[in-house]
1. Filter the stretch 2-20 down to residues that are closer than 19 Å to ARG70 by Cα and either among the polar types (S, T, N, Q) or at pLDDT 95 or above (or both), then give me how many there are.
2. Taking THR53 and the conditions (1) exposed (fewer than 14 other Cβ atoms within 10 Å of the Cβ); (2) at pLDDT 95 or above, which numbered condition does it fall short on, given that it satisfies the others?
3. Quick one: which residue in THR5, THR30, THR43, THR72 is in contact with a Gly (Cβ under 7 Å, 6 or more places away or on another chain) and surrounded by fewer than 17 Cβ atoms within 10 Å (Cβ to Cβ)?
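The values are calculated or read from the model by the stated rules, or taken from the named source; none is laboratory data. Predicted model, so just to flag it, every value in this text is computed and none were measured. Every residue, glycine among them, receives a Cβ derived from its backbone with ideal geometry; neighbour counts consider all protein chains shown.
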Amino acid sequence: MTTETHSEQRILSLVRFVAGYWEEHGYAPTIREIVHELDLSSTSIAAYWVRATVQAGLVKVDALHARTIRLTEAGRAMLQ
């Protein structure tokens, strides 16, 4: 049995939310929507977790445009 760290749980929650949001809406959530869904205290905390998820190779983001967070193959595989 594996135990996930707080960071791993947060990243998994973010990946699940992004995947579900894309499926439901056809586009990515905003940082504010991530704040609301993950019950975070600020947009800077949400941006931190998005960056951590990018560094983990689970999502890609185009920093020059809004609503561009997308799952990578590794992110999709994590949900299997």
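1. Looking only at the stretch 2-20, we keep the residues that are closer than 19 Å to ARG70 by Cα, and these are 8-20.
Subset that is either among the polar types (S, T, N, Q) or at pLDDT 95 or above (or both): 9-20.
Within the stretch 2-20, residues that are closer than 19 Å to ARG70 by Cα and either among the polar types (S, T, N, Q) or at pLDDT 95 or above (or both) number 12.
2. Failed condition: (1).
3. Of the residues listed, the single one that is in contact with a Gly (Cβ under 7 Å, 6 or more places away or on another chain) and surrounded by fewer than 17 Cβ atoms within 10 Å (Cβ to Cβ) is THR72.
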